[in-house]
Ligand code: PGA
C-alpha cells in the first residue's frame, strides 16, 4: 500500500484528478469504478474542469460502488443523481456507459449478479476510486462483512447513517440499506485509489494501514491488494505511527525520478 500525505482536501482532489486524467489520456477506454460521498466531490469538480479544458472522457465506462436500496434513480438523494450531477453530465460521459446498481429492483440477487457480469463483460475495473467510512468501511461493506463478499444487499450501520444525515436533513430520512459491491469485487480492480480527508477519518485510516486485517474494518482488506494508493490530508494522517516513513518514501520516490504519480 502506498501512502501519500498531502496538505489539505484541495491537494487530495488535485492529486486524484491528475492521476485519473493521466489514466484516461493514456487509456481512453478505461473502466473506472467510482465512489460517492463528500470526499470525491472536489475530485469530480476538478475532472469536470479538466474535461472543459480538453480532457476527453467520452469513451470511459464506469461502475459505481453502491446505491441506496428502495431509492429511485430519479430521486435527488440517489447515488445515480449524485453521479449525474457531479460528474457524468458536466464532464460529458455518455450515460449509456455508466452503471449504477438499481436500488428499486425487485430481484436483488439478479440485479447484483447482473452488475458483476457487466463488470466482467467490460473486462474488469481498471481503476477503482474509494472513500472510507468512520467505521472503516469501503463501499457499504460495514463491519462484519465477509472479506470475500460479492455485490449484495447490506444494512447500513448506524454510524454511517449518522454521517450521511447531513445530506438528507436528518438521520430518520437516511435509507437503512443499500446494494454494494463486495469487498472481493473491489479487490479485483487492477488499481485502487482511496481518498481520506479530515480528522474524523484518522482512526479508520490508521486501522486500515497499520492495523491487522479484519472484517471489523473492511478497508484493511486493501492490505492484500497489490496496487493500492491511499491519498490523505494531514488531519486524516494524524494517527499514523509511521507517518514520517511514508512522507520520506514519497520524497525519495521523486528524488529517484520515479514520478509523483
Ligand atoms: P464521505 O463518505 O466521503 O462522505 O466521508 C465516505 C464513505 O462512507 O465511504
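The table for this structure:
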item	result
Residue 244/residue 224 FRET efficiency (R0 41 Å; Cβ-Cβ; nearest 0.05)	0.95
Cα centroid separation, the stretch 207-235 to the stretch 133-147 (Å)	11 Å
Translational diffusion of the stretch 145-196, µm² s⁻¹ [Kirkwood Rh, Cα pairs; Stokes-Einstein; 20 °C; 1.002 mPa s]	171 µm²/s
Gained length - residue 147 relative to residue 85, 0.36 nm times residue gap less alpha-carbon distance	19.1 nm
Beta bridges per DSSP with both ends in the chain, % antiparallel, nearest 5	30 percent
Ranking of 23, 222, 195 by count of other Cβ atoms within 10 Å, fewest first	23, 222, 195
Equivalent ellipsoid semi-axes - Cα gyration tensor, the stretch 71-114, angstrom	21, 13, 6
Ranked 118, 46, criterion: other C-beta atoms within 10 Å, fewest first	118, 46
Over 25 Å [Cα-Cα, the stretch 56-183], rounded percent	23 percent
Cα-based equivalent ellipsoid of the stretch 1-107: semi-axis lengths in Å, sorted from largest, via gyration tensor	24, 17, 13
Descending semi-axes in Å of the stretch 46-128, equivalent ellipsoid built from Cα gyration tensor	24, 17, 8
For 66, 163, order by how many other beta-carbon atoms lie within 10 Å, fewest first	163, 66
Hydrodynamic radius of the stretch 15-72 per Kirkwood, over alpha carbon pairs, in Å	12.3 Å
Estimated translational D of the stretch 122-261 in µm²/s (Stokes, Kirkwood radius over Cα pairs; 10 °C; 1.306 mPa s)	99 µm²/s
FRET efficiency, 1/(1 + (r/R0)^6) with R0 30 Å, evaluated for residue 199 and residue 251 via beta carbons	0.80
Volume per residue that the Cα convex hull of the chain spans, once the total is divided by residue count, Å³	119 Å³
Computed FRET value (nearest 0.05) for residue 176 with residue 210, which takes r as the C-beta separation and R₀ as 30 Å	0.40
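The numbers here are math on the coordinates, done by the rules we state, and not lab data. Note that this is a predicted model, so its numbers are computed, not measured. We place every Cβ from the backbone using ideal geometry, glycine too, and count neighbours over all the protein chains shown.
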